[in-house]
Amino acid sequence: MKMMTRVIMADDDSESLTLVYFLLFVLITAIAVAGDSLDSDREVLLNLKSYLESRNPTNRGIYTEWQMEKQDDVCQWPGITCTPQGSRVTGINLSDSTISGALFGNFSALTQLTYLDLSRNTIEGWIPDDLSRCHNLKHLNLSHNILEGELSLSGLSNLEVLDLSVNRIAGDIHSSFPLFCNSLVVANLSANNFTGRIDDIFNGCRYLKYVDFSSNRFSGDIWSGFGRLVQFSVSENHHLSGNISASMFRGNCTLQVLDLSENSFVGEFPGQVSNCQNLNVLNLWGNNFTGNIPAELGSISSLRGLYLGNNKFSRDIPESLLNLSNLVFLDLSRNHFGGDVQDIFGRFTQVKYLVLHGNSYVGGIYSSNILKLPNLLRLDLSYNSFSGQLPAEISQIQSLKFLILAYNNFSGDIPQEYGNMPGLQALDLSFNKLTGSIPASFGKLTSLLWLMLANNSLSGEIPREIGNCKSLLWFNVANNQLSGGFHPELTKMGSNPFPTFEVNRQNKDNIIAGSGECLAMKRWIPAEFPPFKFVYAILTKKSCRSLWDHVLKGYGLFPVCSAGSTVRTLDISAYLQLSGNRLSGEVPANISLMKKLSTLHLGFNEFEGKLPTGIGELPLAFLNLTRNHFSGQIPQEIGNLKCLQNLDLSYNNFSGDFPTSLNDLNEMSKFNISYNSLISGVIPSTGQLTTFEKDSFLGNPLLRFPSFFNQSGNNNTRNQISKQNLGNRQRTILLVWISSALALAFIACLVVSGIILMVVKRSREAEIDLLDGSKTRHDMTSSSGGSSPWLSGKIKVIRLDKSTFTYTDILKATSNFSEDRVVGRGGYGTVYRGVLPDGREVAVKKLQREGTEAEKEFRAEMEVLSANAFGDWAHPNLVRLYGWCLDRSEKILVHEYMGGGSLEELITDKTKLPWKKRVDIATDVARALVFLHHECYPSIVHRDVKASNVLLDKHGNARVTDFGLARLLNVGDSHVSTVIAGTIGYVAPEYGQTWQATTRGDVYSYGVLTMELATGRRAVDGGEECLVEWARRVMTSNMTTKGSPFTLSGTKPGNGAEELTELLKVGVTCTADHPQARPNMKEVLAILVKISGKAELFNGLSSPDYREM
């Protein structure tokens, strides 16, 4: 009984405890629910607002509209979404909200958050651990920021969509990625700095369908199970390697897109890819695949895009590919097949886009029957070696929209029949050897958008009928021998392109672009001409896909503003490039009808008469009239061009009062009115014109300048003008190239800002698509003139390459400019070695605090360096300039670090530097100086060419450094220096009298350097004779005795004696006492190319770097 009672009592206690626990649980839950409510979400969002506003004091996004009032509905706040009942916040979208600073650290307090989009901002730092506690998060987009650190999202087990593209997140993801991929469907980690292997990280990601790991640094083999995905892109990693095995395509292959382009895969590509019967796009471009193209590809009936270019495939094209009835785009470019175009190409009747550029073809256009393809929209045969007459039969391809035959050796007349292709939208015949006149039949090409005929030998007039080309927005006939006038009828060209754009908008092909798109864009936008290639670092293959489609449909890429307004719009923008011909007469008054014209280059012609005032009604940002015979007063109306950036009126006969309205053009960065000797008036002492130096006003003795202007360059100008031989065709054609490049520079600079605006706009409308072209790297880039600097404190960092870095990174790389990091000191300052977050070794050059502290002038000089391609697409013989920054008196340059050391350390060592290498180095330095002197605008005078300013890369190639720095250190001061800019033994003798640095002075210094290379002696080595005196004496005596100073001193013929003698001759010629007796660097380079014996064609100017396209 007692026991029973005890048991009953125990049961009662148990029930009581259970009840207590239950009530406690209910209480805790109630408290938790009370804390997790819409009100608590409101508090978190207001904290987020305060956090963002404190870090973004000026430019702010839509979060500023979130209100504190209690009655305000949180679910109606912009960027916020809630549950259907409106009880909890589930989504935040603050994309493109100008957010900077570190990521907010309390998103986990929004316990029902499933969607977070903070893309297209400048958020920096590591991803905080708090984000891993957002356990309900399904969609996370942090793309297009500057996030760094390593990937750690281990708590996000419910994540379905992850987009971290275009950041700087780094490290190996081998262990971290599998921890959160349980539910992942979409994974976009493209354009970061991830490293390591990815061959087994996806095994546990059972729902994964879309993967884009492109543009990283992954290496090793790829994951063998990619066949079960829908899209798999690992393009542009460059270090993924190995073979693609047949086993990767076994089982049920569901792939629709496979992009392995621009890596290091080798071997034969397996025919088992035919198991992927749903494959739409196969992109193998830019690898080292060899052997035969798999015949089994012909069984994939769904295949629409096949990109096999830039490999080493056999020239035998499988017959089975003819069975691909849905094939639209076939790219077999740059396989260097050689010989004639293969016959099989003429049987691809289903193909619309045939890209065969860069295959070293010499013939076969007729025999292959490609001219009879009935559905062809684009035919690209550029960069081959075709010769003879242009094939008139091309006109029979009535479907053709794009015909690209540039960079061949075609000669003779342009066939009249080319005017019989009513659907033609682009015709590019530039860089051939064409003669004769432009056919009047071109006036029937009413759909023509681009007509590119530059750099031929065309003559005669520009036909009036061209004015009938109502779609013709982009017309380039520069550097020909055209004559006659600028007919008024021509102003009607491009007046109504919208019917053509509408046709393109109706196009439903939706096939992604291939390598041909970037190649065409770089040539036609156009800005591929040296020295403006740096802009096209942003034109990755992905961005080209969307941008090409964008421009063809008539959506503007370039922000322009109408006359009298500074408001920019992405309107369609046209250019007219007529420079470098013999055109004459007056510019028609109705040029004001060309309402879309943003770039007008009429330089280096024979135009005359007054400039029509209607030119002030155009949306011009670039106007170049140099080297003509214009007269009369400069129209005041030019002052209405509020977005004008470049104005060159030099070398004309303008007269009358100087138009003070030009002083209001606040965006003008380049200005030249030199050598218009009849212009009079006063240059204002304040305003935009005071930011330009005397070089912009030379040869105008009637102009009066502010007291602080240095007018030494304006003395005796009448004599200078009389000595100018402006009719010397051979001399001015060099300047044509420079000025032509300047014209195209404007378009290049506008591309940068236009692309960013366009992509941002598209981002709001785009759905998730891993291979969508809008997800590119270019949002993180900048150029000089229109850069988007990243801020660290108040210090602006202007980056010229496509990888992001900040001032903080510079401090970290140099350990706050620690003495331990110093690798050199010189007259220009101190050089520090460091490593940026993305792994690049850099040399950080901290300039001396000397000269006038003038930020505007320093910035202007840097824009010269920037605009002349010293960024990511730099000249191969100049040390690459990654970026620069200015902080009060601090002037800092960030260069590529050169691991091969200085030439000065090796020049006397004939063992480490044999004669062949010495000739190569001389040639490399000459190429760099050709670029600085002849391909940059304005020309850049190095002022200190010497062995210590020549560095060697890891391959032993020579690169010139410190270009322009002597001038940079004196910005704001006179260019007439009282201190020798240069080094004893290298300085030209005339410098002591004129104190002016010139390109001829650089030639002298280069001559001394070649003597050092040829002899192994130093310029000044303590001997009785300096090197220049010795060389002149021995070369003079040995020429009379028909000997060689090298054979006479024991060097055997055949071991470089003849070549070194020729090199020494170059040095003697370059060091002539009189500057005009010295050759220019283009002439020097031509001699060196012959000496080196290399089989290359030297044409005086470098053509676009086709290897990069």
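Observations, loosely collected:
- Apart from one condition, Arg849 fits all of (1) at pLDDT below 60; (2) assigned to a loop (DSSP other than H, G, I, E, B); (3) closer than 30 Å to Ala922 by Cβ; (4) not small (Gly, Ala, Ser); the exception is (3).
- Residue-level check: of (1) surrounded by fewer than 23 Cβ atoms within 10 Å (Cβ to Cβ); (2) more than 21 Å from Arg133 (Cα to Cα); (3) modelled with pLDDT of 95 or more, Val186 misses just (2).
- Residues considered: Asp130, Asp199. Of these, the only one that is among the charged types (D, E, K, R), closer than 27 Å to Ser37 by Cα and not in a strand (DSSP E or B) is Asp130.
- Some residue of segment 335-343 being closer than 16 Å to Ile404 by Cα, crowded, with 19+ Cβ neighbours inside 10 Å and not polar (S, T, N, Q): yes
- Selection within segment 158-187 - within 20 Å of His144 (Cα to Cα), over 25 Å from the mean Cα position of the chain (by Cα) and β-branched (Val, Ile, Thr): Val161, Ile173, Val186
- Entry remark, segment 901-916: residues being of a type in the set (S, T, N, Q) and in a loop (DSSP other than H, G, I, E, B) number 2 in total.
- Filtered residues of segment 325-359 (kept if outside any strand (DSSP E or B) and out of contact with any helix residue (DSSP H, G or I) (no Cβ under 9 Å at 6 or more places or on another chain)): Ser325, Asn326, Val328, Asn335, His336, Phe337, Gly338, Gln342, Asp343, Lys352, Asn359
- Reported count of residues in segment 50-88, each being touching a residue at least 24 places away in the same chain (Cβ under 8 Å), touching a Phe, Trp or Tyr at 6+ places or on another chain (Cβ under 9 Å) and not in a loop (DSSP other than H, G, I, E, B), is 7.
- Applying the criterion of being in contact (Cβ under 8 Å) with a residue 60 or more places away in the chain and among the β-branched types (Val, Ile, Thr) to the residues of segment 590-636, the residue that is farthest from Ser573 (Cα to Cα) is Thr626.
- For segment 915-924, the tally of residues that are of a type outside the set (Val, Ile, Thr), modelled with pLDDT of 90 or more and either touching a strand residue (DSSP E or B) at 6+ places or on another chain (Cβ under 8 Å) or surrounded by fewer than 21 Cβ atoms within 10 Å (Cβ to Cβ) (or both) stands at 3.
- Qualifying residue in segment 95-111 (condition: part of a helix (DSSP H, G or I), closer than 22 Å to Arg55 by Cα and either of a type in the set (D, E, K, R) or not assigned by TED's automatic domain parsing to the domain that holds Asn56 (or both)): no
- Set Ser696, Ser712, Ser650: member being in contact with a strand residue (DSSP E or B) (Cβ under 8 Å, 6 or more places away or on another chain), modelled with pLDDT under 90, crowded, with 20+ Cβ neighbours inside 10 Å and among the hydroxyl-bearing types (Ser, Thr, Tyr): Ser696
- Residue within segment 243-254 that is of a type outside the set (S, T, N, Q) and touching a Leu at 6+ places or on another chain (Cβ under 6 Å) present: no
- Among residues of segment 627-645, those that are surrounded by fewer than 24 Cβ atoms within 10 Å (Cβ to Cβ) and among the β-branched types (Val, Ile, Thr), counted: 1
- Looking only at segment 947-957, and only at residues there that are closer than 18 Å to Gly1007 by Cβ and surrounded by fewer than 24 Cβ atoms within 10 Å (Cβ to Cβ), the one that is modelled with the highest pLDDT: Ala947
- Those strands (runs of 3 or more DSSP E) lying entirely in segment 269-313 with at least 3 residues within 33 Å of the chain's Cα centre (by Cα) and more than 17 Å from Cys253 (Cα to Cα): 288-291, 305-307
- Unmet criterion (only one of (1) touching a Phe, Trp or Tyr at 6+ places or on another chain (Cβ under 6 Å); (2) closer than 30 Å to Arg840 by Cα) for Asp172: (1)
- Taken over segment 459-512, the criterion of being among the aliphatic types (A, V, I, L, M) and either touching a helix residue (DSSP H, G or I) at 6+ places or on another chain (Cβ under 7 Å) or modelled with pLDDT of 95 or more (or both) is satisfied by Ile462, Ile466, Leu472, Val477, Ala478, Leu482, Leu490, Met493, Ile512.
The values are calculated or read from the model by the stated rules, or taken from the named source; none is laboratory data. The structure presented is a predicted model; accordingly, all values stated were derived computationally and were not measured. Neighbour counts run over all protein chains shown; Cβ positions are idealised from the backbone, glycine included.
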